[in-house]
Amino acid sequence: MRFQPVSVVVPTYNERGRIERLVTEVFSALSNAGLRGEMVVVDDNSPDGTGALADELSARFALKTVHRAGKLGLGGAVMEGFAVSEGEVLAVLDGDLSHPPAAIPDVVSVLYGLDVDMVVGRRYIPGGGWRNWPRRRWLMSRVACLLARPLTPVRDAMSGLFVLRRDAVEGVRIASAGFKIGLELQMRGRVRSVAEIPYTFTDRESGRSKMSTREGLNYLAQLSILYRLRLTGGSQPPRYHRVSPGELQALRTEAATRRT
Ligand SMILES: Nc1nc2c(ncn2[C@@H]2O[C@H](COP(=O)(O)OP(=O)(O)O)[C@@H](O)[C@H]2O)c(=O)[nH]1
Ligand SMILES: [Mg+2]
């Protein structure tokens, strides 16, 4: 089976210091793995000029930039990125280099190798991990994941690194503009099966996090909507597969032979 083109969607707000390295690393990860693809940066009129720099980078890379009027939220930015993207496979990652671009070929290999609808990067698993992450943030993330456990078999439901097939999200509308778009897409999209793979998250080395008390409250509001959705039968839990480091290695090898 031939791999379909991948669109890598990245929401940005004040990531000027990191965007060039990210774009370069994403394209080298795609080409090293023999994948065709494009990148879509969705910028919310960042005061530091991230959007203008992304426009400049379009001269060198297959990169589109969506400029929104102001800071309208991460989740909505991802949905707008999907709307202008052209790939059959949609990957999402943060713009601050927390998610290693080398993980993109991995999530794509698993999507095809296991024939699932969505693949999520998971930190809390053998073979995965986190670096330089303040303990308070780690704890917040763990509590937030626990609150989502009745909704999903996915353990790292807060993960901003995931990939899905375009047909899983075609026509889907989300209720929250906030941070946890992956969880909502999993529940509202045509996602019948999900796999989680290990990866290592590295907290941003520069720039500031946009996580805030307000985003925490947005998440609670989003949860109440998603609990209601599940309780009224509007969303079924997907089949779940946890990929071990050994299985990931086997799927990488299989994908590499399929591409040659
Ligand atoms: N377009 C857009 N991107 C955002 C917004 N809020 C956060 N981001 C981006 O979403 C990603 C994750 O945000 P970050 O501040 O790193 O959150 P943290 O990793 O939870 O601390 C980064 O690429 C941010 O630039 C927003 O309102 N709009
Ligand atoms: Mg971050």
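The values are calculated or read from the model by the stated rules, or taken from the named source; none is laboratory data. Being a predicted model, the structure only gives us computed values, none of them experimental. When we count neighbours, we look across all protein chains shown, and the Cβ atoms used for this are built from the backbone with ideal geometry, even at glycine. These area figures cover heavy atoms from the full protein model, side chains too; ligands, DNA and RNA do not enter into them. Shrake-Rupley method; radii C 1.70, N 1.55, O 1.52, S 1.80 Å.
Quick notes
- Scanning the range 39-83 for residues that are within 16 Å of ligand 2 (Cβ to nearest atom), of a type in the set (D, E, K, R) and within 21 Å of G182 (Cα to Cα) yields D43, D44, K71.
- Residues of the range 28-72 that are among the polar types (S, T, N, Q), open to solvent by 20 Å² or more (accessible area, probe 1.4 Å) and closer than 25 Å to S209 by Cα: N45, T65.
- Flag if E215 is closer than 23 Å to W133 by Cα, within 16 Å of ligand 2 (Cβ to nearest atom) and open to solvent by 60 Å² or more (accessible area, probe 1.4 Å): no
- Any hit, the range 247-254, residues being away from ligand 2 (no atom under 16 Å from the Cβ), out of contact with any strand residue (DSSP E or B) (no Cβ under 9 Å at 6 or more places or on another chain) and either in contact (Cβ under 8 Å) with a residue 60 or more places away in the chain or in a loop (DSSP other than H, G, I, E, B) (or both): yes
- Out of G75, G87, one residue alone is closer than 23 Å to D203 by Cβ, in contact with a Ser or Thr (Cβ under 7 Å, 6 or more places away or on another chain), at pLDDT 95 or above and buried (at least 18 other Cβ atoms within 10 Å of the Cβ). It is G75.
- Inter-residue pairs, beta-carbon under 8 Å, first within 14 Å of V10 (Cβ to Cβ) and in the range 45-58, second open to solvent by 40 Å² or more (accessible area, probe 1.4 Å) and assigned to a loop (DSSP other than H, G, I, E, B), 6+ apart: S46/Y13; S46/N14; T50/Y13; T50/N14; G51/N45
- Top-ranked residue in the range 226-260 [being surrounded by 15 or more Cβ atoms within 10 Å (Cβ to Cβ) and of a type in the set (A, V, I, L, M); ranked as modelled with the lowest pLDDT]: A255
- Residue match in the range 133-146 (condition: surrounded by fewer than 21 Cβ atoms within 10 Å (Cβ to Cβ), assigned to a loop (DSSP other than H, G, I, E, B) and touching an Asp or Glu at 6+ places or on another chain (Cβ under 6 Å)): yes
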